Each structure stands twice: as structure tokens, then as C-alpha cells.
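*Asks:* Let me begin by handing over the structure; questions about it come next.
Every read-out reported here was derived from the displayed coordinates using simple, explicitly stated rules and does not represent laboratory data. Note that the structure is predicted; figures quoted are calculated from it, not measured. Glycine also receives a Cβ, built like all others from the backbone with ideal geometry; neighbour counts cover every protein chain displayed.
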Amino acid sequence: MIKIEQLSKVFKTANQTVQAVDQMNLSINKGEIFGVIGYSGAGKSTFIRLINRLEEPSTGKVIIEDQEITRLNKKDLRLSRQEIGMIFQHFNLLWSRTVRENIAFPLEIAGVSKAERNARVSELIDLVGLTGKENAYPAQLSGGQKQRVGIARALANNPKVLLCDEATSALDPETTDSILALLVDINEKLGLTIILITHEMHVIQKICRNVAVMEDGRIVEQGSVLNVFSHPKQPVTKKFVEQVMGKPEDEETEELFIQHSNSGQVLKLQFIGETTHQAIISQVAKKFDVELNILQGSVKQTQAGAYGSLYLLAIGEPETINQALAFIRETSVEVEVIQHG
Amino acid sequence: MANLFPNVDWFDLIEATGETFYMTIIALAGTLLIGILLGLLLYLSAPGGLWENKYINFITASLVNIFRAIPFVVLILLLIPFTNFLFGTFRGQDAALPALIIGSAPFYGRLVEIALREIDKGVIEAAKAMGAKTSTIIFKVLLKESLPALVSGLTVTAIALIGYTAVAGVIGAGGLGDYAYFYGFARRDFDIVFACTVLIVLLVFLFQFIGDIIANKLDKR
Ligand SMILES: Nc1ncnc2c1ncn2[C@@H]1O[C@H](COP(=O)(O)OP(=O)(O)OP(=O)(O)O)[C@@H](O)[C@H]1O
Ligand SMILES: [Mg+2]
């Protein structure tokens, strides 16, 4: 459990002061993947660096599992940093060290014996899928492989928390997905809490359960990913949701569906956290004598199930269609019939 | 050979080369030590550094700048009372060492500082995030990551030092400069000056060659 209370950071430079983080309050559950999203300059990096005090807070508290990080002296802070892993956008590996030696570095810092270090490093190399690259230097690795080294290194001392600052922003989409999958995998296997900073909504959508949206150093909206996706309130949040869902269908598109569908009824299905939606359409088609035609839709998988909407054209007896509607309503999928405006 | 260099005493020449080599190596060792210290001090005490400190930074930077501003010939002359006090004489190879080290350490110190500045800040940050002590960061991150640049810098410094030893020769430090000046130039036996020049050039090539090999070996970027 991580608690952030009234956390602020003010940067004073010669000719201006910047309130990079402004009285943030947050509580993050143990073992979850928590996302923080915001545009450039929102204060995300500053926030995550305040958690392990790479940046000293101006005011406020950071509490990790009953330990008040913000009150520790230098020595204790060093010790607790060994239990807080961190990965970076630009990996920050030591180029003079091989993959093995890079992963061993935090273990050296923690004073782990050489034999134990070797065993642990081999374990980690296996965990992050870098077998065969042990003795390569960072310069000989791809971005994705470098980030795997970064992750292995961050996990070396069995941290309770993993901080990720734009961990996938320097990677191509495919590599991003593989790194995200790795993060989910270690989150499940090791049960550690992950705090993830990003400016890409699809990263949040893919792996986070809860999300906070940052703007101008403040959290403007927060909640479960599904909730934020289905009912975005702030303009920034709406923009981020559009990043992955596209613009919501407007009245005009719906009107268009109806014009081209004089033979049946247009249904709009809404999935919010539905986990069995794939079955529902085939079930309806099997159980009832209706023909289903997919008109348009966009459904995204989130950690809490699918989210999105689907437009169907249902052709059949009105009676049968009503029965089908009743059947669908029994599930968690919401359905409405789109009428002539 | 004997026709080309009628006045060269080969034994003396070899001995002089040995002396130059000796002075260069010992002075280089001292320069390395003091230069690294100066470079670290400059880097760590700079604004935003691990030991940010205006005063230490100002004092170190001033010392470095002052000693780099003094031409080497003048520096030797200035140091004569000091070497006299230390060694009882200002002649000889050992008496030349303080001047050689004081002349080249500030120069190398600046090169060390530049090498350290080249290190990606993110790597230092990563080490901090892992809970590293400052001493760990200095030895395992700063000096290790900048090693190729430190070696290239040392090579450049070594070559400057060979030049300095020749200048020191003129006030009787021994070595090829001494031999060239007192036996060659002073007696108008220019073949000796020429032979010494050739050997100094060879020595420079040798240092450059070895330095390049080591720097390349270390550079894994
Ligand atoms: N060391 C610093 N000194 C002065 N101002 C700073 C410093 N670090 C950050 N800032 C300012 O604080 C604000 C927040 O910066 P921060 O790096 O946290 O944003 P971010 O959300 O991580 O952006 P990005 O997505 O571009 O990384 C910015 O206005 C930035 O200029
Ligand atoms: Mg950032």
C-alpha cells in the first residue's frame, strides 16, 4: 500500500518558479498496476521521482507500507531505495558492463555475495527472457532487450514497488506490447506493486487497473480504468480516451445506420468490463432466429475486461428480436435499440 | 650510422632516452592521481553535482586555471626554490618531477572533468535509485563509465609531458632534452639534436599507440 499525501514540488530557477507537482493525494493498492497519465510537462516524471526522492519534495508525504519515505535520513533512504525498483525511458544502463554485470550492479550495491549474485542474475535473465545475451554489452542490444535488462536490474533486490517512467515510450508498438506483457507477468508472478507513468492511453488500457490523470501538477481525475474509460469527465481525460477508442459515434452516424437498415433494427451493445462478450453474439444467433450483422464497433481489452461498443443490425421477427434483447439484458452487456431520431 | 651521427655517443643517447622515459612515467603516475582528484572535485562540486559546493568549486577551478596559465618554462623557474628545499638541488630527474606534475595535473584535471561531464546523467540517477553510496557512484559509475575518455586524456597528457621533460632538460633535468641542449646545441653538434628529436618523436608515437589500443579495448559503446 502506497500513500501519497499533499505532495508538492516547486522548482525555483533564476527567473521563475514552477509548481511541478501540486498537492497530490493518492493511494495505491498493494500488488496492483497503477497508471498515471498526462501530457508533456504535466509533472509525471517529477511525481514518480518524488516517490524515491530522486527529487526532494517541497512538502507532503510518501508512505510505502507504513514506512514514511519522506522522513528517512540519507542512510535509511539508501536502504529503502534498494526495495524500490525503477526503470527509465532511456534504460540508463552502464555501457561498460555486460548484461550480467548490469543486472548484478544493484546486488553489489546491496552487498550480496558473489555466489548469490551469480545465482540471482541467472534467475533474472531467465525471468525477463534474455537467455543467450548474458555477455552482450548494452550497445549490442535492441531497445526492447535493453529495457528487459533495465527490468531485470530493477527486480534484482526483490523490490516491493516498481516505478516505471515512460518505460515503453522509446520502443516501437510491438516491442511495447512485449514489455507490457512482461510487466503484467512479473506483477502476477511476484505480486509487486507497479506505478507506471505514460502519455499513451493504450498502455494504461492494456495493463492498469486504476489510473490517475495529471494536468498542471494536479490529479484531475482518477478511478478504475473502466470507469475512467466509460465516463471520462475532464476534457484531458476525454482526449486520452479518444486516443484509443476513436471519437465517440455521434447522432449522425447512428442516423446513417438506420437509413441503410430498413430491413431490421439497429442495436447498440455496450461492453463495460465484460469478460465473455465473444460468446454473447454467437449465443444469441444460436438461440434465436435472428440474423446479426455487425455494422461498426470498437472494443478494447483492459485489465478488468472488455470495454467498448458494437452496432449490430438484427433482422428477424420483432417478437424474436425482443426475446433476444431480453436475453442480452440478463448479461452485463448493455443494449439499446437505436430508433429514428 | 656513425657517419650520419659522428658526435653521438650511443650509450649516452640510450641513457638519456631512459631518463626521459623515467621522468615521463613517474610524472604521469603523479599526474594521473592528482588529475583524477582535481577532475572529480571540479565535477562533483559543480552546480547540480553530487557534492555541490560553490566555494570548493571556485577554489579548485581557480587553482587549475592559474597553474594552466603559467607557461611551463616559467613554472620550472618559479619552483626552483621549492625543489631546492625538497631535494637540495634543482638538477636531476627527480628534481624535475614536482614541476612536471604541477604543470600537467591541472591540464589532465580539466580533461577528467570533461570526461565525467560526458557521462549520461540518467546512469548516475539509476545508480542513486538503486541506493548506491556516493563512493560507489564515483568508483563504479563515474570512473568506470568514463574510462576510455580518461585513457585518451592521459595519452594526450603523456605526450605533453614528454615535451615538458625536454624543456626541463634545459635546466639540467637529464633526459633527451638535456642531452640535446648541452651536448648538441651548446657544442654546435646538431647531429645530436637531430638524434634526440628522432627519439622523442618515436617515444610520442609509442605512447599514442599504446593509449589508442587501451582506449579502444575499453570502449564498449
Ligand atoms: N529540475 C527542474 N528544474 C526546473 N523545472 C523543472 C525541473 N524538472 C522539471 N521541471 C518543470 O516541471 C514541470 C513538470 O516536468 P516533468 O518532467 O515532471 O513533466 P512530465 O509530465 O514528465 O513531462 P514529459 O512527458 O515531457 O516527460 C515542467 O514544467 C518542467 O519544466
Ligand atoms: Mg517525464
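*Asks:* Looking at the square roots a ≥ b ≥ c of the eigenvalues of the Cα gyration tensor of segment B:1-97, which shape do they give, rounded for a/c under 1.5, prolate if a/b is larger than b/c, or oblate? Can you show the working numbers first?
*Replies:* Working: a/c = 3.21, a/b = 2.32, b/c = 1.38.
Verdict is prolate for segment B:1-97.
*Asks:* Would you please put A:128-138, B:63-73 in order of how densely packed they are, using the mean number of other Cβ atoms within 10 angstrom per residue and starting with the highest? Walk me through the numbers before you get to the answer.
*Replies:* Values: A:128-138: 15.9, B:63-73: 14.2.
The densest-packed peptide leads the list: A:128-138, B:63-73.
*Asks:* Can you list the residues, at least 5 places off or on another chain, whose amide H is less than 5 Å from the amide H of A:A212, using H built in the peptide plane?
*Replies:* A:G35, A:V36, A:I37
*Asks:* Next up: Quick check: pseudo-label points 7 Å beyond the Cα along Cα→Cβ at B:T197 and A:N118, how many nm apart are they?
*Replies:* Here the answer is 5.8 nm between the modelled labels.
*Asks:* While we're here: Based on alpha-carbon centroids, what's the gap between segment B:65-107 and segment A:110-126 in Å, whole number please?
*Replies:* When both Cα centres are located, 50 Å separates them.
*Asks:* A further question on this structure: Under a GNM of chain B (C-alpha, springs under 10 Å), which listed residue has the highest mean-square fluctuation: B:V74, B:V170, B:V193?
*Replies:* B:V74
*Asks:* Most mobile of A:A152, A:A110, A:A167 per a Gaussian network model of chain A (Cα springs, under 10 Å)?
*Replies:* A:A110
*Asks:* Along the charge dipole of segment A:89-179, which of A:G144, A:Q89, A:I125 sits closest to the positive end, that is, farthest toward it, with unit charges on the beta carbon of Lys, Arg, Asp and Glu (+1, +1, -1, -1)?
*Replies:* A:I125
*Asks:* Apply 1/(1 + (r/R0)^6) to the Cβ-Cβ distance of B:F87 and B:K133, taking R0 = 56 Å, and write down the FRET efficiency to the nearest 0.05. Mind showing how you got there, number by number?
*Replies:* Working: r = 40 Å, r/R0 = 0.72.
E between B:F87 and B:K133, to the nearest 0.05, is 0.90.
*Asks:* State the Kirkwood hydrodynamic radius of segment B:104-221 in Å, one decimal place, computed from all pairs of distinct Cα atoms.
*Replies:* Values: mean 1/r = 0.0601 Å⁻¹.
Result for segment B:104-221, one decimal place: 16.6 Å.
*Asks:* Now for a different question. Suppose every Lys and Arg Cβ carries +1 and every Asp and Glu Cβ carries -1, with no other charges. What dipole size does the protein assembly as shown come out with about its Cα centre, to the nearest 20 debye? Intermediate values should be presented prior to the final figure.
*Replies:* Working: 51 positive and 58 negative charges, 396 e Å.
Computed about the Cα centre, the dipole is about 1900 debye.
*Asks:* Just to confirm the number: angle between the C-alpha axis of helix A:235-245 and the first principal axis of chain A, 0 to 90 degrees, nearest 10?
*Replies:* Relative to chain A, helix A:235-245 is tipped by roughly 70 degrees.
*Asks:* How many angstrom lie between the C-alpha centres of segment B:1-52 and segment A:190-209?
*Replies:* Computed from Cα coordinates, the inter-centre distance equals 55 Å.
*Asks:* Which lysines, on any chain, are close to A:K233 with Cα under 30 Å apart, when same-chain ones fewer than 8 places away are left out?
*Replies:* A:K3, A:K9, A:K30, A:K44, A:K61, A:K206, A:K247, A:K268, A:K300
*Asks:* Here is a follow-up. Using R₀ = 30 Å, calculate the FRET efficiency as 1/(1 + (r/R₀)^6) where r is the Cβ-Cβ separation of A:E68 and A:N29; round to 0.05.
*Replies:* Details: r = 19 Å, r/R0 = 0.62.
So the FRET efficiency works out to roughly 0.95.
*Asks:* If you don't mind, there's one more thing I want to ask. Can you tell me the 0 to 90 degree angle between the C-alpha axis of helix B:93-117 and the longest principal axis of chain B, rounded to 10?
*Replies:* The angle comes out at about 30 degrees.
*Asks:* May I pose another question? Where Rh denotes the Kirkwood radius from the mean inverse Cα pair distance, what is Rg over Rh for segment A:140-291?
*Replies:* Working: Rg = 20.1 Å, Rh = 18.7 Å.
Taking Rg over the Kirkwood Rh, I get 1.08.
*Asks:* I need to check one value: relative contact order of segment B:10-218, counting alpha carbon pairs closer than 8 Å and at least 6 residues apart, in percent.
*Replies:* Working: 258 pairs, mean separation 56.9, N = 209.
Relative contact order, segment B:10-218: 27 percent.
*Asks:* Take peptide A:95-107, look around each residue's Cβ out to 10 angstrom, count Cβ atoms belonging to other protein chains, and average those counts.
*Replies:* Values: counts 9, 13, 5, 1, 0, 0, 0, 1, 0, 0, 7, 6, 1.
Partner-chain Cβ atoms within 10 Å, mean over residues of A:95-107: 3.
*Asks:* For chain A, take the longest principal axis of its alpha carbons; what is the angle in degrees between that and the long axis of helix A:277-287, to the nearest 10 within 0 to 90?
*Replies:* Long axis of A:277-287 versus the principal axis of chain A: about 20 degrees.
*Asks:* Moving to a separate point now. For chain A, just say rounded, prolate or oblate: build the C-alpha gyration tensor, square-root its eigenvalues into a ≥ b ≥ c, call rounded for a/c under 1.5, and beyond that prolate if a/b exceeds b/c, oblate if not.
*Replies:* Note, shape of chain A comes out prolate.
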